[in-house]
Amino acid sequence: MGYIALGSGMNGKLVIGNWKMNGTLASNAPLLAALAAGWRSSPQTELVVCPPAAYLGQARLALQASAVSWGAQDVSDQAAGAFTGELGAAMLRDMGCRYVLVGHSERRTRLGETDQMVAAKARAALSGGLRAVVCMGETEKQRAAGQALTVLRHQLQVVLAALPRTAIDHFVIAYEPLWAIGTGAHASADIAQQVHSALRAALVEALGAAGTGVRILYGGSVKASNAAEYAAQRDVDGVLVGGASLQAAEFLEIGAAFLPIR
Ligand code: 13P
């Protein structure tokens, strides 16, 4: 079908901090400074923070001379125009963002973002030159009913149908089971590997060889104490960290778990 891999196999591990709606100018400053000072550039592993949009300018100033990248937590599905309150991909690029989270479950649940809306946002992000981290996951009820993989495959299919194939190496998946977010009940490394391997198979079926290069992150109660378990899994290409990314030492330790063994 003419899919283009664009060297997706070159993509390294990815450790992303989602600050959610937390922080102030005053509290962000020491956190950003500690991350800038504490993370060394690595060709194998990229460390990224996603602060609230109000603080992207602050993150840019604090991180631009460092090895830490930054991104946003949401993007409009529109490029520009009369869309009050929205932020376009080009604006986020202008603020130096490399990444954007799309379809986080807190937005799907609270704001009614549908698979179709998430797909349109991912498409706008990729078309605008951002790396789109598309979040997906099943509820506790869906898992108990044995529907987790069916739900996830559907969420993935809707997004894939909308993506420009030429930008597929900028597409990242974050598997975030809803029952593991902010609960302390992280999915076991075995569950994460099982799900990631099923998502990988679905990606390869849809994209051919390019599907092997799409990074699949795990998210949900990741801490420094459990990060190494995920790093050891074949199909876990990184993590998306909420609460633990608000502590510099903790987040740096999670990042270090995804560095190659030296
Ligand atoms: P926690 O790490 O706080 O569970 O949050 C996970 C998450 O939602 C990251 O996007």
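The values are calculated or read from the model by the stated rules, or taken from the named source; none is laboratory data. Source: prediction; values computed, not measured. Here the Cβ is made from the backbone with ideal geometry for all residues, glycine too, and neighbour counts use every protein chain on show.
Data for the structure
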quantity	calculated
Residue match in the stretch 67-75 (condition: within 16 Å of Leu240 (Cβ to Cβ), of a type in the set (Asp, Glu) and within 16 Å of the ligand (Cβ to nearest atom))	yes
Pairs, first on the phi > 0 side of the Ramachandran plot in the stretch 211-233, second crowded, with 18+ Cβ neighbours inside 10 Å, C-beta under 7 Å, six or more apart	Gly220/Glu176; Gly220/Pro177; Gly220/Ala180; Gly220/Ile181; Gly220/His186; Gly220/Ala187; Ser221/Ala180; Ser221/His186
Filter result (of a type outside the set (A, V, I, L, M) and without any contact (Cβ under 8 Å) to a residue 60 or more places away in the chain) within the stretch 95-108	Gly96, Cys97, Arg98, Gly103, Arg107, Arg108
Qualifying residue in the stretch 180-187 (condition: within 15 Å of the ligand (Cβ to nearest atom), surrounded by 15 or more Cβ atoms within 10 Å (Cβ to Cβ), over 15 Å from Leu160 (Cβ atoms) and free of Cβ contacts under 8 Å to residues at least 40 places away in the same chain)	yes
Of the criteria (1) within 24 Å of Asp77 (Cα to Cα); (2) in contact (Cβ under 8 Å) with a residue 24 or more places away in the chain; (3) away from the ligand (no atom under 16 Å from the Cβ), which one Leu149 fails	(1)
Residues being away from the ligand (no atom under 16 Å from the Cβ) and either touching a strand residue (DSSP E or B) at 6+ places or on another chain (Cβ under 8 Å) or not in a loop (DSSP other than H, G, I, E, B) (or both) - total across the stretch 11-58	25
Criterion (over 15 Å from the mean Cα position of the chain (by Cα) and under 22 Å from Ala148 (Cβ atoms)) met by exactly one of Ser188, Ser225	Ser188
Leading residue by the ranking (farthest from the ligand (Cβ to nearest atom)) among those in the stretch 228-237 that are touching a strand residue (DSSP E or B) at 6+ places or on another chain (Cβ under 9 Å) and acidic (Asp, Glu)	Asp235
Which listed residue, of Leu252, Leu246, Leu259, Leu240, is touching a strand residue (DSSP E or B) at 6+ places or on another chain (Cβ under 7 Å), over 20 Å from Met136 (Cβ atoms) and not small (Gly, Ala, Ser)	Leu259
Members of the stretch 197-227 found to be within 16 Å of the ligand (Cβ to nearest atom), outside any loop (DSSP other than H, G, I, E, B) and either small (Gly, Ala, Ser) or within 20 Å of Ala161 (Cα to Cα) (or both), listed by number	Arg215, Ile216, Gly219, Ala227
Positions within the stretch 38-94 being in contact (Cβ under 8 Å) with a residue 24 or more places away in the chain, among the aromatic types (Phe, Trp, Tyr) and over 18 Å from Leu14 (Cα atoms), in sequence order	Tyr55
Residues of the stretch 163-190 that turn out to be modelled with pLDDT under 95 and polar (S, T, N, Q), as a count	2
